[in-house]
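K.L.:
Pasting in a structure now, in structure tokens, and then I'll have a few things to ask.
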Amino acid sequence: MRRYRNLGGNSGVSSYEIGKDRIVVTFSSNISYEYTYSSTTVDHIENMKVLAQNGQGLNSYINKYVKKGYSRIL
């Protein structure tokens, strides 16, 4: 897992892991969610990957567009 840089300073995301067709996001509650191409859309996953690597906007994006589009809770 890579630590989320949280450039905005108020994100609920603490870390993430990027795979070919997925992203796993760990929130400050220490709960991890796996999002995949099949649980949401390819576009959403690819956008989430960019936001995660940029360190800003991932939590807001998930809340606005993806919500419950995770494949499983880890």
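Bear in mind these aren't lab numbers, they're just calculated from the coordinates by the rules spelled out. Since the structure is predicted, the reported quantities are computational estimates derived from the model, not experimental observations. Glycine gets a Cβ as well: all are built from the backbone with ideal geometry, and neighbour counts include every protein chain shown.
K.L.:
Label points 7 Å out from Cα along the Cβ direction at Ser29 and Leu74: separation in nm?
P.N.:
Modelled inter-label distance: 1.7 nm.
K.L.:
Given contacts defined as C-alpha pairs under 8 Å and at least six residues apart, what's the relative contact order of the chain, whole-number percent?
P.N.:
32 percent
K.L.:
If each residue's Cβ is checked for other Cβ atoms within 10 Å, how do Lys64, Lys20 rank with the fewest at the top?
P.N.:
Ranking Lys64, Lys20 by Cβ neighbours within 10 Å, fewest first, gives Lys20, Lys64.
K.L.:
Which semi-axis lengths, in whole Å and largest first, follow from the square roots of five times the eigenvalues of the Cα gyration tensor of segment 2-73?
P.N.:
For segment 2-73, the semi-axes come out at 17, 12, 11 Å.
K.L.:
In which sequence would Val25, Val13, Val42 go, from the one with the fewest C-beta neighbours within 10 Å to the one with the most?
P.N.:
Val42, Val13, Val25
K.L.:
If we count other beta carbons within 10 Å of each Cβ, what is the order of Tyr33, Tyr65, Tyr4, fewest first?
P.N.:
Tyr65, Tyr33, Tyr4
K.L.:
Helix 42-54 sits at what angle to the longest principal axis of the chain, using alpha carbons and giving 0 to 90 degrees rounded to 10?
P.N.:
Orientation of helix 42-54: about 20 degrees from the principal axis.
K.L.:
How large is the dipole of segment 2-73 about the Cα centre if only Lys and Arg carry +1 and Asp and Glu carry -1, each at its Cβ, rounded to the nearest 20 debye?
P.N.:
120 debye
K.L.:
Taking only DSSP H segments of four or more residues, each worth -39500 (n - 2.57), what value at 222 nm results for the chain once the sum is divided by all its residues, to the nearest 500 deg cm²/dmol?
P.N.:
Calculated from helices alone, the mean residue ellipticity at 222 nm is -6500 deg cm²/dmol.
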